[in-house]
Every structure is written in structure tokens, then in C-alpha cells.
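The values are calculated or read from the model by the stated rules, or taken from the named source; none is laboratory data. From a predicted model like this one, the values you see are computed outputs, not experimental measurements. Please note: Cβ atoms are built from the backbone with ideal geometry, for glycine as well, and neighbour counts cover all protein chains shown.
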């Protein structure tokens, strides 16, 4: 496999596509020019910074730095996802635990099964993909959970009044939330290779890898992401649903108020 070298000039040239996006936004008066510029600048700064961090970790070749980086990603992932789950009381801790469990179990399994060696060069990029996708799934699931609990507060209270436990009363809502969190990845997995080529596969092909090797690695990562996304969404929903109820299995006033 040969390596591909991208210069700063190449990156600068690609800014022309950002200019196209800005022109379209101005033409159609979508008022997204500021968001596009902020997104482009943030992407450049953040990716450049993480590039140097990853280079340092690769040079050190010590698992302790990998663990530290993954812990930071889990923390910031939980903080970011919490903003999309504003209607879920104390959503940070369910998200933090869900992302941590998804990262540890997924990376632990791929190493235990001999799919990837326990080295920074493999664990860092795979860990980033796992946490990023798990964060999105957990955030979508909890966002749906908060909305549905608020909309179904009356039904939930009626179910509780009939003698159901909090877990039983909220179970239909939790199932819908779990589905909402995982369906996007399921749909994208179904269309992989027909409608779009995933980033890992494209990167390997650009770097000169054999198409068969690129496909096989992409399949491994897709299956890995399916497991991590389901794990993160399930743990987040199971932990967060408790926060809507008191220890006496009563719906909290905050959930009732948000439904009105």
C-alpha cells in the first residue's frame, strides 16, 4: 500500500467547494453563511489539533495515551449529546456511562477476537469512529425519549395508576426511542456500496489499497459500529428513563409540566 500525501495547497484549493456552499446560501437567502464559515474554520482547527495529538500518541506507542484520548472523547461526546437531550433530566450521566460502555466493550471485543492488535494505530481511529457514532445514536434516542415522555405523560400516569411499575409504563416509549437512535445507521449500512462509499473504504482506495482489502476492512468497521451503536443507545435509554420517575414510581413534575 502506498501513502497519499496531501499538501496545504491541496487543502486550500478545496476551500473552493466551501465558496460554492456560501454562494448557494447567499443566492437562496438561507442565512447559513455564518454557520458554514464557522463549521469550516472549526473543522480545520480541530482536525489539525487532533492530527498533532494522534501523531504524538503514535510516536509514543503507549496504551496509556490511547486510554486518555478515548476518555476525553467520551467526556466531550457526553457533553455534546446532552445538548440534544434537554428534556431528559440529568442526561449527562446516562450518556457518559453509555459511551464509556460502548467504547470499552467494542474495542475490547475487536482486540480479544484478534481483529485488530492492541496498538494506538488501530485503537485510536476505531475508537474515534465508535464514540462518534455511539454519541449520535444516544443523543437521537434520548432526544426522542424526552419528547415522547412529555407527549405521553397522561398515558404514562394512567398506566402507573393501574399498578404498573415505572419501567413497564415507559417501556413503549423507550422502545421507540431506541429504534430512533439506531435506524439511521441501519439504513446507511443497507445502502453501503449501492448509494455511497463509506469514508474508510474511500480513504484506503485513495491510499492505494486493493479494493478487496478496502471492502473487508469497511465491513469489519460497519459491523463494529452496529454493535457499539446498539449498545450505547440501549444503555442511555435504560439509564435515562429512570430519571423521569421518583423512587416511588411516580412521574416527576418536570415531565408533566413539559407536556403542557
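Could you tell me whether residue 194 is at pLDDT below 90, more than 25 Å from residue 239 (Cβ to Cβ) and not assigned by TED's automatic domain parsing to the domain that holds residue 4? Yes; evaluated as a whole, the condition is true for this residue. Just so you know, in region 45-64 the residues that are under 12 Å from residue 128 (Cβ atoms) and touching a helix residue (DSSP H, G or I) at 6+ places or on another chain (Cβ under 8 Å) include one that is surrounded by the fewest Cβ atoms within 10 Å (Cβ to Cβ), and it is 53. Annotation note: of 167, 141, 137, the sole residue that is at pLDDT below 95 and either over 14 Å from residue 91 (Cα atoms) or assigned by TED's automatic domain parsing to the domain that holds residue 238 (or both) is 167.
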